[in-house]
Structure formats: structure tokens, C-alpha cells
Amino acid sequence: MKISVVHFAIVLAFIPPVSVIGAENGAEGPIVITATRIPTPLQQIASSVTIITAEDIRANQWRSLPEALAAQPGMRIVTSGSVGAQTSLFTRGTNSNHTLVLLNGIDISDPSTPNGAYDFAHLDLSNIERIEIVRGPQSTLYGSGAVGGVINIITKRGQGPSRYTASVEGGSFHTYTEKLSARGNDSLFHYSMEVSQFNTAGQSITPERLRAGQDDENDGYRNTTVSFQGGITPTTDTEFNLHARSIHAHSQLDIGSGEDPDSESSVAQRFIRLEAKTTLLEERWKPVFGYSRSRQNRQTDNNRQSSLGDDEHTRFLGESEKADFQNQIVLSNNNSAVLGYETKTDRMTAAGNSAFGSAFGDFILTENTSVQERIESWYLQEQFTLADDFHGTVGVRSDNYDSFPGARTWRFTPLYAIPATATKLKASYGTGYRAPSLYERFGSTQTNFGTAYTGNPALKPEESRGWEIGVEQALKGGRLEPYFTYYKNRITNLIKVVYLPSFDSTSVNIDNATTEGYETGISFHTSHDSTITAEYTRTRTQDQNGQELLRRPRQMAHIQGKTRISPLSDVTLSLDYTGRRKDVDRVSGATIVTGGYTLAVIGASWQSSKNTRLHGRVENLFNKKYEPIDGFQGTGAGFFVGAEASF
Amino acid sequence: MKDSTSRCRSIVFWITLSMLAHGIAISLPSSIPPSSKPIADMNIMWISDWRSTESDAPVARLARQDQSTSSDTHLLPARKGALSADISTRELLSAHDEGSSAEKPRTALEDKTVNHLLGLIRRSIQEHFVYPPFALRQGWEGEVLVELQLDADGEIHDIRVVRSSGYRILDEDALLILRRIGSIPNARVWLQGQQYSALIPVIYRLTG
């Protein structure tokens, strides 16, 4: 077999989502305007859902998941500094461990994380087709963690003749990105793979005000991601798919209250899923079998520079394994159900030491946890149509844990979509929960004097109840779309670490919180390739003492414009406002209120030939100095340009 | 105690948002239906009205084509409570067919010319189409039957919905697309000083 030279020519296989097709015989026949149906999973029909498509990602030149999420209503992304640093998401004012993240159905949260929060820093957007953001309590379909919402990431599937793409990008802070991808399908196989490499020397994440004469030390980041999705379709009704993603990342950090030249963290993550799908009984029954595994290894290292400095060498390993069986059953034209069963095993291991120097000698913490647990769940959801335009879903779920009584959740969502006025009225009421993490229940951290933390096996899950009502309206043939959603969540049994007189600490279910607010916005589609969107989110949070929760801004606003300035070039502009919020002072630990900031990004792209595309953008256009978390600064103005070739 | 600055800020924000919304609405004039008639009225056209226009100009071949080559599959049944005229497309079309076969209008353009004109219209539509995102999200599809008049200069006049899809958003979209086109370039040559009336089914269909 001859090896052919693979030409990497330009660009992106850009499949326009809408096309106009004349009838078979050319000039005659009706005018047909077609678009690809958006597959709306049953469960999402009346929820507040935002879908970020591959086209949105491309147009906005987003590189990583946090960048894409930061632009969405109700989502507050907080990075401890710049790219690669610990990144948390607060959905609708809920905690950072209240959003569940799924990658092609794999729960990618790390079971070894002490509080169960997902670190969004390392998921780049290569090989990603669509990101669905579902807000509100969704545990009924997804289980633990879906208190504030769910982020569902779906990777690309090869379609059409094989296509190869290569792209490079470079810019400020010695930032370089290289990507190679190949995807395609024939009647039997489909595949889509992408390899990407990102490197940046970065800027210091410690602001000048805290450096106190110390030299500025850049905190860089690198990330290598390999993603593959492929499968076999032996008959039109049956398919077997494999999805795998591997991420290796390395971040330079600053720990403590100032610059730290050698504090760093390495992350190695591997996710794999095998899936078999078929369609039986004249498309009335669609069973799906899945098996997935994840392995996440997080290592933190820091050598001390002085006898009073910090020294840390710790390793956390989280693994999980899940088998699931889901059935979609069509009962009648206006009644269908999803019935599912899952079993999952989570494991965590924590080891290593961290030491804090003091005048009285070192204070050493030793991580020593190794534990595993099995969860068995079943769920049932039904979707029905009562009248022509009135739809609803109702669902229940039961999760049963080895070590504590399980959780039952339920959800009801009515939806009324009125064709005569192009109005959608929606509501939902649901319950959610977060199971205590393995560390919260079984963790153990020793010190050279005694014990610093002991897990509390008697912990109960955090529980939430939430409702929302909303209206969406289309005006002028859909060119103008305003919406408004009001929501409220009440979360009880929140887990908190408390310190005991013996210098030990443990976790207890002690806090309650309420989050409420509204999301509103308007999109204006001036033509099929120009859109202006303005969105505003108001959030009010309160704990049991009436205090506002940390790092949750009351106001966020986002304005974005995208326009085609010539048939071959597009320009995008976005403005993001984050309001005042409560925070903790990095140095003193006191509770403070920090000011708001606005970030602007401008980007442009040019299809220079059939196969080549050039793009460029300026991030933080006004070079705003801002601290997403007090004492950790975001990146200043940066200029990036890139080219892409496909063949 | 709410600090007044945050209240102030939120007022400023709402004013800005409102200005933006109004700005958008005002900047739309070219696509706003010039008639102040509510869209619901425009959807209904009685068959007698239709016949009166028929004698003035030949009717698009396209309409007949639709009846003969395309099955009812892409004609959605009229939805309950929807804004459709109380006649089926099939009835409408056959009524029209009888008319044209019984006495060929003297001013009839040749079939070839008609086909060419329809091709021009279709091409113009291709440059302006958009599947309304709201309808796309709800999974709404349907067929709007639109009638328009082309004057001898190729300008499009009197665009109206003859039969609603049952979805206001799709009806409005079809009207807006045709209004935005305004005129068909080069149509003048083909029209040879005649007017032309076309019945065009615009089908919104979701695939996949």
C-alpha cells in the first residue's frame, strides 16, 4: 500500500447549518428551507438550556471550556489567576461543587477532589461539537452534583469524506497553539480525532501590589490533549462507538501570599467510553449500553526557598468506572419514556506531605486516604404531550450508596409552546443533591502533632429544591428573540469543615443557602450571519445568617456582536461585565467586597482561500487589571493570530 | 440595606438595554411589513380574492408543479387553532388549475420564462434565507403558501400569505425574506412588459 502524502490544507470543514435546496427538478417546485434538527434530549425540553455549537466556538475563537462558559447567562467562572490555574464554576449562585460536567456521558468530576468540585482549567475545546448547558436542579437524570446545573460536552463525529486540518496560533506571553485533526466516515466506519498542544509563558498571577519588591515571575501553562471518537455501524440501526480523551497539563502557580517561583501542578487525565446502541421494535425501543472509565492524577510540587517557606509534594488519584443501560421507549405518539440503570465505582487515593515552616519548626501535613465506593442508580422519565402545544416531563431517580442511605430526586417540567404567537412558556420544579465526597466522608490528613482532618462517615447529602419560570418570545419572524427566566433554589445540609478543640477538623452538614435571581436577554439576528446578543444575570445569594455567598457577583452582563463584513470575513466583539462581589482577602483572610470589571475581546477571521483561513483576536482589549479572586490577577491585553489549513 | 449605587447601576443597565432593544427595533424598517394590518389578517385570503387576481396574470407554473410532483407529505395538516385559511392547498391549487386550463390567459408568459423567473426568485431567496432559530429549537416545520406580484420592472409587490403554516414565526419569516429581496434583477428582460403573479410554497423542513 502506497503511503500518500497527506496535504494539510485549509480549513475548517464548515458545514452551514442551514441550506436552501430546490426540489428535484431545478427551477420548478417549492422553495425548501432546511436546517438540521437540533436533537433535544427529552429531559431538556422545558429546562433553561444554552447550546454552544462548534460554529460558536470557532467564531469566538474560544480555546478552553472556561472561556466558552464565561460568556453564558447564569454562569460565573472564577480562575485563580490566568489560564491553567484552578478554575471553578458557580452556576446560578450555587457552589463550585454543584455543577455536574459530562463528556459524552462520562462524569468527568474527579473523585479525589476534597470538596468534589470540578476544576475547569484543563478541558480545551478540541474535537468538540457541542456544549449543552442545562441550568437548574437536574439530579433526576444525572445524579449527584447536578444541583445548579449540568454541562454536557459532546465530541465531534466524523461525517463525509476524510478531511485533515492543521492549525497554528501564536501571540502575546509566548503563547503557541498547534492542532492537527482528521475526521470522516463511510458506510461502515466513522472517526474524528484531534491532537492539540498549548503553551504559554503567561504572566504572573500575583498582582504587583502583593509582590512587595519581589521580581515578577511568569506563571506559565502547557496542555496536550488527544481526543478520539470513532465507531462502526454494521447496520443502519446498530452502532458501536469508542470515545477516548487524554489530557496532560502542567501549571505554574503561586501558593501562599506572594510570588513562588517553583510552585507547580501537573495533571494527567484519561477518559474512555464504549457504547453500543440499537433500535428495535420499529424504532419504538432504543437501548444503549455504555461502559466508561476515568483516571485523574493530580500532583502538586513546591520546594521551599527559605526555612520559613512552604514545601509540598502531594498526589491525588481519582478513578471511576461506570456501566450504564438506558432505554428510550416510545409508548405512543404523545408519550415516551426513558428508563435507565447505572452502577458506578469511585476510588480515591491521596498521599504526600506538605510542610509550613515556622519559628517553632515545621508543621507537616500528611495525606493518607485510600477508599472506594459503589453507587447503584435507576431512573425513569416520561415525556408527554397533553394538548397540541402543551408538553411536559416528569421523572424520578433513586441513587443507592454502599455507605449511606441513598437519595431520591424528582422533577416536573411543563412547557407550553404557542405557534400562533411564537411564545414559549416554561416552568420546572425539581430536586437535586450532592453526595458528600469520598474525602469529606473518609479522608484523613495527619500532622506531625496529631490529626488535621478526619472524614465524617455520617454525612448526609446536600439537598436542593429549585424552581424556575420563564418566557421566550420570537418577534419579526424570529429575528428578534427576548427571554426572561426567574429561578430560586434552596439548598440544605450544606457541608462545611469545622475545627475541633483538639486541632482536628471534620465535615458536618451545617449550612443552608438560598440562591435566586433572573436571567434575561435579547438576540437580534440581522441576517443569517450577523447576530447581536445582550444578556443580563442578576443573582442573590444568602446563607442561613443572611450573608451573601463568596465570589458570586450580584450582576453580570454580556454583550456580543458577530457580523459578516464581507462574504469571506467575520468580525466579533464581546463585552463582559462582572459586578461587585464578596471575597476573601488573599493575605489577611478577611471578608471584603471587590469591585466589578469589564473585559472586551475583539476577533476577526478571513477565509483567504478555499482551504486556508486566517484569524486574529485581541483579548482584554482595554488591558484592564482585574482580580477574578482577590490577590490573583487575570491576564492583561494579549494579541493572537493564527492560520488554519485543511485538505 | 441595599446600597443605592447598585440600584442606580441596575437602572442605568436597564435603560441601556432598553435603548439597545429599541435601537434594534428601529433599525429593522426594511424588514418590517409596511402594512399596519396585523399579520393574522394577512394570512387569510378567500378563494374569491384569489380568482380575481388570477385573470390579471398567469399563475406560477410552480403551483401546479407542486400539486403534480410533490405529495402531501410536505403539506402539514392545518393545526388546530392555527391561523390558516379555511381551505386546503389542494383545493386552492386545483381551483387555479381549472382556471388556467379552461381559458389560457392571453397575457400568459411561456412556461420557459416562468421557470426562469422562479429560478431567479429562488436564487434571491437563497441569499437571504435563515431558518428562524426559535422555530429550530422548538422543532417547528411547515409550509407557507405565499403569493406575490412582479411588476414589469421586476419589483416585488403585494406579498401575502395565502395559506399559513400554522406557525406565525414561519409565516412572518417567509414574508420578510421576500420583502427583503425587493426586486428580481434582470427580470425585466424576461417579463417583456408584462406583470406576473406567482404562488410560491415555502417549505421549512428539519432534517436529521
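Does A:GLY340 count as modelled with pLDDT under 95 and touching a helix residue (DSSP H, G or I) at 6+ places or on another chain (Cβ under 9 Å)?
Here the answer is yes, as A:GLY340 does meet what is asked.
Filter the stretch A:542-560 down to residues that are surrounded by fewer than 17 Cβ atoms within 10 Å (Cβ to Cβ) and assigned to a strand (DSSP E or B) and give me whichever is nearest to the other protein chains (Cβ to nearest Cβ).
A:GLN542
For A:ALA387, only one of the following conditions fails: (1) without any contact (Cβ under 8 Å) to a residue 24 or more places away in the chain; (2) touching a His at 6+ places or on another chain (Cβ under 7 Å). What is its number?
So A:ALA387 meets the others, but not (2).
Select from the stretch A:393-423 the residues that are free of Cβ contacts under 8 Å to residues at least 40 places away in the same chain and outside any loop (DSSP other than H, G, I, E, B) and list them in ascending order.
Residues satisfying the conditions are A:VAL394, A:SER398, A:ASN400, A:TYR401, A:ARG408, A:PHE412, A:TYR416, A:ALA417, A:ILE418.
Only residues in the stretch A:577-593 that are more than 14 Å from chain B (Cβ to nearest Cβ) count as the first member; pair them with residues that are buried (at least 18 other Cβ atoms within 10 Å of the Cβ) and acidic (Asp, Glu), Cβ under 8 angstrom, at least 6 apart or cross-chain, and list the lot.
These pairs meet every condition: A:ASP583/A:ASP630; A:VAL584/A:ASP630; A:ASP585/A:ASP630; A:ARG586/A:ASP630; A:THR591/A:ASP583; A:ILE592/A:ASP583; A:ILE592/A:ASP630.
Of the residues that make up the stretch A:80-98, is at least one touching a His at 6+ places or on another chain (Cβ under 9 Å), among the polar types (S, T, N, Q) and surrounded by 22 or more Cβ atoms within 10 Å (Cβ to Cβ)?
Among the residues of the stretch A:80-98, at least one is touching a His at 6+ places or on another chain (Cβ under 9 Å), among the polar types (S, T, N, Q) and surrounded by 22 or more Cβ atoms within 10 Å (Cβ to Cβ), which makes the answer yes.
Tell me whether the stretch A:556-578 contains one or more residues that are over 30 Å from A:ALA645 (Cβ atoms) and among the charged types (D, E, K, R).
For the stretch A:556-578, residues over 30 Å from A:ALA645 (Cβ atoms) and among the charged types (D, E, K, R): present.
Given the condition away from every other protein chain (no Cβ under 13 Å), farther than 18 Å from A:TYR486 by Cα, in contact with a Phe, Trp or Tyr (Cβ under 8 Å, 6 or more places away or on another chain) and not aliphatic (A, V, I, L, M), answer yes or no: does some residue in the stretch A:530-541 qualify?
No, the stretch A:530-541 has no match at all.
I'm told B:ASP153 meets every condition in (1) among the charged types (D, E, K, R); (2) within 11 Å of the chain's Cα centre (by Cα); (3) away from every other protein chain (no Cβ under 13 Å) except one. Can you identify the failing condition by its number?
So B:ASP153 meets the others, but not (2).
So A:ILE154 passes all but one of these: (1) at pLDDT below 95; (2) out of contact with any Lys or Arg (no Cβ under 7 Å at 6 or more places or on another chain). Which condition number does it fail?
Failed condition: (2).
Kindly list the number of the only condition in (1) over 30 Å from B:VAL161 (Cβ atoms); (2) within 14 Å of chain B (Cβ to nearest Cβ) that fails for A:PHE524.
(1)
Is there a residue in the stretch B:176-187 that is among the small types (Gly, Ala, Ser), under 15 Å from A:GLY478 (Cβ atoms) and at pLDDT 80 or above?
First pass over the stretch B:176-187, keeping only residues among the small types (Gly, Ala, Ser): B:182-183, B:187.
Adding the requirement that they be under 15 Å from A:GLY478 (Cβ atoms) leaves none.
Scanning the stretch B:176-187 turns up no residue that is among the small types (Gly, Ala, Ser), under 15 Å from A:GLY478 (Cβ atoms) and at pLDDT 80 or above.
Matching residues to (1) within 12 Å of the chain's Cα centre (by Cα); (2) under 30 Å from A:THR349 (Cβ atoms); (3) at pLDDT 90 or above:
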site: A:ALA59; (1), (2), (3): no, no, yes
site: A:ALA70; (1), (2), (3): yes, no, yes
site: A:ASP107; (1), (2), (3): yes, yes, yes
site: A:ASP110; (1), (2), (3): no, yes, yes
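Please go through the stretch B:164-189 and give me each residue that is touching a strand residue (DSSP E or B) at 6+ places or on another chain (Cβ under 9 Å) and away from chain A (no Cβ under 12 Å), ordered by number.
B:GLY182, B:SER183, B:ILE184, B:ALA187
In the stretch A:272-296, what residues are under 22 Å from the mean Cα position of the chain (by Cα) and within 20 Å of A:ALA337 (Cβ to Cβ)?
Once the filter is applied, which keeps residues that are under 22 Å from the mean Cα position of the chain (by Cα) and within 20 Å of A:ALA337 (Cβ to Cβ), the stretch A:272-296 yields only A:GLY290.
From A:PHE484, A:PHE503, A:PHE449, A:PHE442, which residue is within 14 Å of chain B (Cβ to nearest Cβ) and surrounded by fewer than 23 Cβ atoms within 10 Å (Cβ to Cβ)?
Criteria check complete, one pass: A:PHE484.
Per-residue answers, yes or no, for (1) part of a loop (DSSP other than H, G, I, E, B); (2) at pLDDT 95 or above; (3) farther than 22 Å from A:THR515 by Cα:
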position	(1), (2), (3)
A:TYR439	no, no, yes
A:THR445	no, no, yes
A:TYR453	no, no, yes
A:ASN456	yes, no, yes
A:LEU459	yes, no, yes
A:GLY466	no, no, no
A:GLY477	no, no, yes
A:GLU481	no, no, yes
A:PHE484	no, yes, no
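Output the qualifying pairs, or none if there are none: Cβ atoms under 6 angstrom, residues six or more apart or on different chains, first residue in the stretch A:540-565 and closer than 30 Å to A:ASP511 by Cα, second residue assigned to a loop (DSSP other than H, G, I, E, B).
Between residues of the stretch A:540-565 that are closer than 30 Å to A:ASP511 by Cα and residues that are assigned to a loop (DSSP other than H, G, I, E, B), the close pairs are A:THR541/A:GLY93; A:THR541/A:GLU548; A:THR541/A:LEU549; A:THR541/A:ARG552; A:ARG552/A:GLY93; A:PRO553/A:GLY579; A:ARG554/A:GLY579; A:GLN555/A:GLY579.
Given the condition under 12 Å from the mean Cα position of the chain (by Cα) and buried (at least 24 other Cβ atoms within 10 Å of the Cβ), answer yes or no: does some residue in the stretch B:134-141 qualify?
Within the stretch B:134-141, none of the residues are under 12 Å from the mean Cα position of the chain (by Cα) and buried (at least 24 other Cβ atoms within 10 Å of the Cβ).
Name the residues in the stretch B:133-150 that are within 13 Å of chain A (Cβ to nearest Cβ) and either more than 22 Å from A:THR423 (Cβ to Cβ) or of a type in the set (Phe, Trp, Tyr) (or both), would you?
Within the stretch B:133-150, B:PHE134, B:TRP140, B:LEU145, B:VAL146, B:LEU148 qualify.
Being aliphatic (A, V, I, L, M), under 20 Å from A:GLU481 (Cβ atoms), more than 8 Å from chain A (Cβ to nearest Cβ) and buried (at least 20 other Cβ atoms within 10 Å of the Cβ) is the requirement here; does B:VAL130 meet it?
Answer is no for this residue.
Could you name every one of the strands (runs of 3 or more DSSP E) located completely within the stretch A:84-172 that has at least 2 residues being closer than 22 Å to A:GLY470 by Cα? Full working, then the answer.
Details: elements: A:87-91, A:99-103, A:128-135, A:149-155, A:163-171.
Of the strands (runs of 3 or more DSSP E) lying wholly inside the stretch A:84-172, those with at least 2 residues that are closer than 22 Å to A:GLY470 by Cα span A:87-91, A:128-135, A:149-155.
The values are calculated or read from the model by the stated rules, or taken from the named source; none is laboratory data. Everything numeric here is computed off the predicted structure, so don't read it as measured data. FYI the Cβ positions are ideal-geometry reconstructions off the backbone, even for glycines, and counts take in every protein chain you see.
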